[in-house]
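Read through the structure below, which is laid out as structure tokens, and then see the notes.
The values are calculated or read from the model by the stated rules, or taken from the named source; none is laboratory data. What you see is a predicted model; the values in this text were computed from it and never measured. A quick note on method: Cβ atoms are made from the backbone with ideal geometry, for glycine too, and the neighbour counts reach across all protein chains shown. Heavy atoms of the whole protein, side chains included, go into the accessibility calculation; ligands, DNA and RNA do not. Shrake-Rupley method; radii C 1.70, N 1.55, O 1.52, S 1.80 Å.
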Amino acid sequence: MGWTLDGVRFEHQGKTARVCADGNNVAWICPSCGMPLLLVYLKGRKGSCASRPRRCEQCLSDYSLEPGYDAIGEPQEKGVKRAEVMSILQRASKQ
Ligand SMILES: [Zn+2]
């Protein structure tokens, strides 16, 4: 059993991000190019933390959730509460 992100508020660059969250999945639109992206908040999955970003295939920006899954882990492992607000971090491509 993983995290349920329904009801979490998401932010991108300090503003509310419009996302579709279901279970540990977060879908949203790349603000740079309009490409739909899926971030999965599970160990090792793309977008789960800064070291495992979701790369936009169109504009090559990298996105990840903060706090990263690598710092939080599974709910039952560390007894931590789910974050009420999560940020979507963006790193522009280095092309
Ligand atoms: Zn993009």
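Miscellaneous remarks
- Annotation note: Cβ proximity below 9 Å between a residue of the stretch 5-17 that is more than 16 Å from Cys30 (Cα to Cα) and a residue that is open to solvent by less than 20 Å² (accessible area, probe 1.4 Å) (sequence gap 6+ or interchain) occurs for Leu5/Val26; Leu5/Tyr41; Leu5/Leu65; Leu5/Met86; Val8/Val26; Val8/Met86; Arg9/Ala17; Arg9/Met86.
- Applying a threshold of 7 Å to beta carbon distances and a minimum spacing of six or more residues, or different chains, the list of pairs starting in the stretch 34-57 at a residue that is more than 16 Å from the ligand (Cβ to nearest atom) and ending at one that is of a type in the set (Lys, Arg) and in a loop (DSSP other than H, G, I, E, B) reads Val40/Lys46; Arg52/Arg45; Arg52/Lys46.
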